[in-house]
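Read through the structure below, which is laid out as structure tokens, and then see the notes.
The values are calculated or read from the model by the stated rules, or taken from the named source; none is laboratory data. Everything numeric in this text was worked out from a predicted model, so none of it was measured. Cβ placement follows ideal geometry from the backbone for every residue including glycine, while neighbour counts extend to all protein chains displayed. These accessible areas exclude ligands, DNA and RNA; they are computed on the full protein's heavy atoms, side chains included. Shrake-Rupley method; radii C 1.70, N 1.55, O 1.52, S 1.80 Å.
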Amino acid sequence: EDQTRFRIPLSNEIVLKGHTKVVSALAVDHTGSRVLSGSYDYMVRMYDFQGMNARLESFRQLEPFEGHQVRNLSWSPTADRFLCVTGSAQAKIYDRDGLTLGEFVKGDMYIRDLKNTKGHISGLTCGEWHPKTKETILTSSEDGSLRIWDVNDFKSQKQVIKPKLARPGRVPVTTCAWDHDGKCIAGGIGDGSIQIWNIKPGWGSRPDVHIEKSHEDDISGLKFSSDGRILLSRSFDGSLKRLFLTGTSVERESMTGGLLCFFDRVNLELVSKVGISPTCSVVQCSWHPKLNQIFATTGDKSQGGTHILYDPTVSERGALVCVARAPRKKSIDDFEAKPVIHNPHALPLFRDQPSRKRQREKVLKDPLKSHKPELPMTGPGFGGRVGTSQGSLLTQYLLKKGGMIKETWMEEDPREAILKYADAAAKDPKFIAPAYAETQPEPVFAKSDSEDEE
């Protein structure tokens, strides 16, 4: 009877696949026709219910920042553009079809006061488009600030908000959210606090609401209720404060997988639990008001998908549109005319040219045209080209042939080697001695200088 009281659309399920790692970001536009999913595989995939058949393939994929995980995606109120927040310091804006419109400027990391930097100086954690004004967006970052931007000016921000801290320093802002009218902003701060700022003339960084120690661990999600009276928060500490619909992570060694849990907002009791994936955690979830369909993203280090739960009796369009479009089964009576294939070179237009292949073969045979390299020469050489001589230099080759070089010189003692020729030189002088044999048979040596001195 719980099911009838709440009418949760759970009877059917489809999965949008394609990512190779956990799906960390999800955005469904207001009409419910386009779904964006972002992942730790650095990609954003775009799905369109109207254009998709039962194969459920994305029509476009983009990589906003190479090597940076996608952290958050958010549609503009008119759904003509979307905001993409990655682990880089710069958020990007795309149009409805996934073409880049621009990226916001990065700040100078050497300026100490975050109020004076032109933009975020380290990785973004979250970002959301203003629910009503179509040119305003909000971003939060690990650098410890929240910033408001005008999407028509990528060079400068409109406002820098620094959360209130017990002692000065940089404490990351882990998540952020607008309320339903865009009248106030909430931020989840790394010190466990939730801070809320009302947007009014002359407002600054002082929070209007400051809930200290709201959670024991990082706050992973904030959402305002549509009447603006309740703020939901979710944290890694495993607790849910004021929750309606949330995903759970898989625990190590546990038997249960990733779940979707539904709570009654009034008395916070668990109304329903749905097992989404036996092995993967549920990361993002969203209940679309127009379609009455529930989206939940899952994944791990090797896969990622977006599960869509719906009920044909109470859900509208969305998943129902593309599931009905299953690819048609082939019938034995199908007839397909075999197309006539015209080979372009068979047309008379090309007939008069000689075939290229024959020309190529002819050129290959002509040594000049084919640039055939000259063959190496063996022997002494001619025509100005030096012959090769068993891999040695020409001089070495000639001396070796003349018997001048014996290959034992490597091991010998040089003095011994020279003295070895002393007798031979005396008997059969080859070079200097015979030149003076006739003119100076007796060698005359210069007298030593010391005798002159005497």
Handout entry: At R0 = 25 Å, FRET efficiency that the Cβ-Cβ distance of Asp333 and Phe59 yields, to 0.05
Key = 0.20
Fill in the blank from the handout: If R0 = 30 Å, then Asn116 and Asp237, at their Cβ-Cβ distance, give a FRET efficiency to the nearest 0.05 of 0.30
Problem - Subset of Lys132/Lys290; Lys106/Lys132; Lys92/Lys301 violating a 23 Å alpha-carbon distance limit - result: Lys106/Lys132; Lys92/Lys301
Handout entry: Solvent-accessible surface ranking, highest first, for Ile332, Ile194 at 1.4 angstrom
Key = Ile332, Ile194
Problem - Virtual spin-label span in nm between Gln50 and Glu374, 7 Å along Cα→Cβ - result: 7.4 nm
Exercise for the section: In whole angstrom, note down how far apart the Cα centers of the range 11-75 and the range 171-193 are. Expected result: 25 Å
Problem - Percent of alpha-carbon pairs separated by more than 33 Å within the range 1-326 - result: 23 percent
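Give the ranking of Thr256, Thr174, Thr378, Thr86 by solvent-accessible surface, highest area first, calculated with a 1.4 Å probe.
Largest to smallest exposure gives the sequence Thr378, Thr256, Thr174, Thr86.
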Handout entry: FRET efficiency, Glu316 to Thr256 (Cβ-Cβ, R0 30 Å, nearest 0.05)
Key = 0.45
